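Chemist: Could you have a look at this structure, given as structure tokens, before my questions?
The values are calculated or read from the model by the stated rules, or taken from the named source; none is laboratory data. In this text the structure is predicted, and so the values were computed from the model without any measurement. Reconstructed Cβ throughout: ideal geometry from the backbone, glycine too, with neighbour counts over all protein chains shown.
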Amino acid sequence: MQTQKTLAQQFLTKAEQKAISAVVQKMEQQTSGEIVPMVVSASHTYPTAIICGATTMALPLALLLMPMVGGLFWLGSQNVWIFITLFIALYAVFYGLVHRFSRLKRLFLSRSQVEAEVQEAALASFFTEKLYKTKDANGILIFISVLERKVWVLADSGIDARIDPGQWQGVIDLIARGIKEKRQCEAICQAIVQIGELLKTHFPIQENDINELHNLIVR
């Protein structure tokens, strides 16, 4: 039985994943820095957004259908139990729909919560994927959260000491624009090249340099 692909797996085809890994490998042959693109389906489950979405859609529809159902069964158009029954039934249906379909869930996401959750998930991934353990503290994470369509770039202390963190905003904008235009693979590859060009100036390739981290993580 074929399992359904996650949002992250739908975001990049196998061929695109290979292309991105190849670009990372190419740039890391020019710098001792470690570039790790990471694509996740979502940074959080957002249960509040699901509840809000289900309520927002179920409530007006229950009010609209209440007089029709009441009239159909001779129960009166303002019977509160009809409303409650309709609301519960519709809420269950819409809850399942919002939970399942990312496009619906995205409509009910809070911008402030999205920013906080993506930042927190990127920071957590930086440590769980051990980017802080590189020999020269020169690991950099390109974190892409598909549900929220958000990009976050985190660099280790060795990079931040030599490169202005403000330069990563251009990388973020490049990838975000590529996602919006549905050419995410091309944009990610371009961003990796930009980062590699910056890193090789401050962290040139060393003798016996080894690849310490993954070239691409998709989950």
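Chemist: It is to be established whether one or more residues within region 43-62 are under 28 Å from LYS133 (Cα atoms) and of a type in the set (Ser, Thr, Tyr).
Modeler: Yes, the conditions are met somewhere in region 43-62.
Chemist: When the residues of region 170-206 are filtered to those that are charged (D, E, K, R) and part of a helix (DSSP H, G or I), which remaining residue is farthest from VAL151 (Cα to Cα)?
Modeler: The residue in question is LYS200.
Chemist: Let me ask another. Would you please list the contacts, defined by Cβ atoms under 6 Å and residues six or more apart or on different chains, that run from a residue in region 195-219 that is aromatic (Phe, Trp, Tyr) to a residue that is in a loop (DSSP other than H, G, I, E, B)?
Modeler: Listed by first residue and then by second, the contacts come to PHE203/SER32; PHE203/GLY33; PHE203/ASN138.
Chemist: Determine whether LEU141 is in contact with a strand residue (DSSP E or B) (Cβ under 6 Å, 6 or more places away or on another chain), buried (at least 16 other Cβ atoms within 10 Å of the Cβ), under 23 Å from THR6 (Cα atoms) and at pLDDT 95 or above.
Modeler: Yes: the conditions hold for LEU141.
Chemist: Specify which of the listed residues (GLN119, GLN113, GLN190, GLN167) is in contact (Cβ under 8 Å) with a residue 60 or more places away in the chain and surrounded by 13 or more Cβ atoms within 10 Å (Cβ to Cβ).
Modeler: Being in contact (Cβ under 8 Å) with a residue 60 or more places away in the chain and surrounded by 13 or more Cβ atoms within 10 Å (Cβ to Cβ) holds for just one of GLN119, GLN113, GLN190, GLN167, which is GLN113.
Chemist: Which numbered condition trips up LEU109, out of (1) within 22 Å of ILE51 (Cα to Cα); (2) in a loop (DSSP other than H, G, I, E, B); (3) over 20 Å from the mean Cα position of the chain (by Cα)?
Modeler: Looking at each condition in turn, LEU109 falls short on (3).
Chemist: Provide a single number: the residues in region 150-163 that are part of a loop (DSSP other than H, G, I, E, B) and either outside the structural domain of GLU212 (by TED's automatic domain parsing) or buried (at least 16 other Cβ atoms within 10 Å of the Cβ) (or both).
Modeler: Going through region 150-163 one residue at a time, the tally reaches 2.
Chemist: Looking at region 61-108, which of the residues that are of a type in the set (S, T, N, Q) and at pLDDT 85 or above is nearest to ALA42 (Cα to Cα)?
Modeler: SER102
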